[in-house]
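Working notes, beginning with the structure itself.
FYI, it's all coordinate maths here, none of it is from the lab. As the structure is a computational prediction, the values presented were derived from the model and not from experiment. Using ideal geometry, Cβ is built from the backbone for each residue, glycine included, and neighbour counts are taken over all protein chains shown.
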Amino acid sequence: MTMPACRVARPKTVEEAVRILADSGPEAMIIAGGTDVVPNLQMKLFTPRVLVDIKPIRALAGITMVAGGALRIGALNTLTEIVDSPLVQSNYPVLVSAVATIAGPLQRNMGTLGGNLCLETRCLWYNQSYFWRKALGGCLKKEGDVCHVAPGGARCWAVWSGDSAPALLTLDAEMEIAGPRGSRRLPLAKFYRNDGIYRVALGRDEMVTAVFLPARTVGRRGLYHKLRIRDSIDYPLAGVAVALEVDRNGVCREARVAVTAVNPAPLLVNEASEWLVGQKYSPELVERVAQAAIRTGKPLTTSASTPVYRRDMLRVFTRRALEEAWKNGRD
Ligand SMILES: Cc1cc2nc3c(=O)[nH]c(=O)nc-3n(C[C@H](O)[C@H](O)[C@H](O)COP(=O)(O)OP(=O)(O)OC[C@H]3O[C@@H](n4cnc5c(N)ncnc54)[C@H](O)[C@@H]3O)c2cc1C
């Protein structure tokens with residue numbers, strides 16, 4: 001479990017980082033907090049020639065209100081900084097609820113938002129030592145040509161296992177991405193490709209610089225429920241984020257529901273907004289949305305838990321989260 005030998009570059013500006021990425025091509029890999037990259041390097045999942053350590057780029061950190069009332073969170077802000085931020089706490093409770101469940105305190109102190117949004121997808125057959133993988137002949141994502149999860153197919157089913165993305169989806173977040181041709185903005189919902197190998201819409205020479213939460217989602221009440229083996233540290237096996245706007249009469253004015261850890265991408269439950277907006281709370285309505293969450297999630301045998309149990313928990317979490325958000329969500 002040693003690290004492969006490689007050069008470490010420490011750019012001080014975004015432009016410099018992007019230049020190194022462009023010059024090094026597929027041989028380069030970004031490292032931020034390193035809480036995902038380092039274990040993956042130790043397992044020889046990657047052998048980059050250049051590790052681009054973006055931590056020295058000061059412009060990548062800072063949680064600030066910007067023109068128009070949107071919130072900008074820098075790619076290098078740590079998960080702890082997000083949970084502790086009064087601006088995030090008072091305006092975007094679903095994000096605090098989700099980020100507080102990521103890993104344990106040590107990883108949250110090191111791990112960054114950018115790293116969390118660009119995590120590698122995970123799978124029982126992939127996140128193993130080189131020795132273990134070699135004994136099996138590899139898998140579609142690494143060193144092989146068969147997906148052990150769905151052997152007949154040509155698609156990788158490694159799972160998106162991040163917690164902040166579903167919360168940010170319910171807040172209509174946008175990514176800021178820097179590349180050799182400048183900066184671009186992309187809705188988070190379009191950032192993920194639902195493919196275990198080509199997981200995000202990010203060029204080899206691009207990096208995430210910030211996340212924007214639009215002013216219209218300030219004050220959306222919400223929360224996140226997560227299934228994991230050990231509550232103190234583990235990655236999600238299933239997760240549901242909910243954000244609602246409910247008026248003083250109890251009528252839902254805006255709604256988003258998103259699921260994670262059950263597909264190669266975090267996904268919005270598309271029917272949720274359509275069915276919930278304009279309605280008052282009822283157990284039947286909430287159950288209907290919970291059924292839609294089950295249809296959105298496609299858990300397979302990619303982790304230590306069974307697909308059936310994870311699907312069941314999607315339903316339970318969606319129901320619970322909607323009930324709680326509705327109760328707490330009145331103006
Ligand atoms: C024991 C353990 C438990 C964990 N549990 C959870 C969990 O419950 N939930 C969860 O979501 N995560 C979990 N993680 C994963 C990880 O700790 C977090 O996701 C963390 O936020 C990753 O951030 P980082 O800065 O350390 O990323 P890094 O490890 O530095 O990078 C992760 C990936 O993102 C890329 N990257 C980083 N920054 C950028 C950027 N600005 N632009 C483009 N690409 C970038 C890297 O190249 C790499 O591919 C766990 C990790 C461990 C070791």
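The phi-based Karplus calculation (6.51 cos²θ - 1.76 cosθ + 1.60; θ = phi - 60°) puts the 3J(HN,Hα) values of segment 248-258 at 5, 8, x, 8, 6, 9, 7, 8, 9, 10, 9 Hz, whole numbers, x for Gly and Pro.
Could you tell me which chymotrypsin sites (Phe, Trp or Tyr not before Pro) in segment 125-187 are loop residues by DSSP with no more than 15 other beta carbons within 10 angstrom of their beta carbon? Write out the running numbers ahead of the final one.
Numbers: sites: 125, 126, 130, 131, 132, 157, 160; in loops: 125, 126, 157, 160.
Answer in residue order: no site qualifies.
Sorted ascending by nearby beta carbons within 10 Å, beginning with the fewest, 29, 313 become 29, 313.
Please report 228, 320 as a ranked list, fewest other C-beta atoms within 10 angstrom at the top and most at the bottom.
On the way: 228 20, 320 16.
Going from sparsest to densest Cβ surroundings: 320, 228.
Taking amide H positions as modeled 1.01 Å from N, with prolines and chain starts lacking one, the residues under 5 Å from residue 158 and 5 or more places away or on another chain are 196. For residue 31, the residues 5 or more places off, or on other chains, whose built amide H falls under 5 Å of its own are 52, 53, 54.
Here's how it looks for residue 210: its modeled amide H is under 5 Å from those of 75, 176, which are all 5 or more places away or on a different chain. Look at the Cα gyration tensor of segment 142-244: its axes a ≥ b ≥ c give a/c of at least 1.5 with a/b at or below b/c, and that counts as oblate.
If we sort 281-288, 34-41 on the protection proxy, mean other Cβ atoms within 10 Å, highest first, what's the order? Let's see the in-between values first.
Numbers: 281-288: 13.5, 34-41: 18.4.
By packing density, highest mean first, the sequence is 34-41, 281-288.
Here the chain is assigned +1 on the Cβ of each Lys and Arg and -1 on the Cβ of each Asp and Glu. Its dipole about the Cα centre then comes out at about 320 debye. Express in whole angstrom the spacing between the alpha-carbon centres of segment 53-119 and segment 151-196. A separation of 17 Å, based on Cα centres.
For segment 219-328, the direction-averaged projected area of the alpha-carbon convex hull comes to 6.7 nm². Label-to-label distance, residue 16 versus residue 198, with points set 7 angstrom from Cα along the beta-carbon direction: 3.3 nm. Convex hull of alpha carbon positions in segment 1-159: directionally averaged projected area 11.4 nm². At the listed q of 0.07, 0.14 Å⁻¹, the Debye profile of the chain, built from one uniform point per Cα, gives log10 I(q)/I(0) equal to -0.28, -1.11. Computed from the C-alpha gyration tensor, the three semi-axes of the ellipsoid equivalent to segment 1-55 are 20, 12, 8 Å, from longest to shortest.
In straight-distance terms, cross-link reach from residue 55 covers every one of the lysines whose alpha-carbon lies under 20 Å from its own, apart from those fewer than eight places away in the same chain; here that gives 12.
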